[in-house]
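In what follows, a single structure is set out as structure tokens and then discussed.
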Amino acid sequence: MLTPLLAVALAAQAAPESPAPAVPATNEIVTIDLLPIEQAAGARCAIAFATISRWQKTGDARGNDYSDIEASGGREFFVRVMAKLMEDTGLGREDIVTLSTRALADYETPEGAARIKAMMPACELMKTAAGL
């Protein structure tokens, strides 16, 4: 489930001392679409890995098409990307949870599962480039 992954990511990251927001500093809900392209791509892949991991843990057949996410570094990728996102943008833990939850809901649809499948080759490359 996404909650344990978020807990790990959030626990591993200390609050930034002086945020340098790259996203709106209003009460506006932050979405992946508001992030710069590099951050958005990383966040989308991290959340896709978390989604597949949940599918695999719950026996959802949608997870069968992918290698073991836990064993292949998907969880670590998620933690690193979300911690870096907090550091780079000044987003708080609640913002990251909101951003992740919204994206996760989008991935749970049939269209979202198809998007994950289409982007997974690029996400795997991104994970490999991160040394995982």
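Read-outs: derived from the displayed coordinates by stated rules, not from any lab. From a predicted model like this one, the values you see are computed outputs, not experimental measurements. Every residue, glycine as well, gets a Cβ built from its backbone with ideal geometry; the counts of neighbours run over all protein chains shown.
Of note:
- Distance between the 7 Å Cα→Cβ label points at ALA61 and ALA118: 2.3 nm.
- Fully extended contour minus Cα-Cα distance, from GLU38 to ALA130, at 0.36 nm per residue: 31.8 nm
- When ILE69, ILE37 are arranged by Cβ crowding within 10 Å, least crowded first, meaning fewest neighbours, the order is ILE37, ILE69.
- Label separation (THR31 vs GLU108): 1.8 nm, computed from points 7 Å beyond Cα along the C-beta direction.
- Proxy reagent accessibility, fewest Cβ within 10 Å first, across GLU70, GLU94: GLU94, GLU70
- Net charge dipole, segment 32-132: roughly 140 debye, given to the nearest 20, about the Cα centre with Cβ charges of +1 for Lys and Arg and -1 for Asp and Glu.
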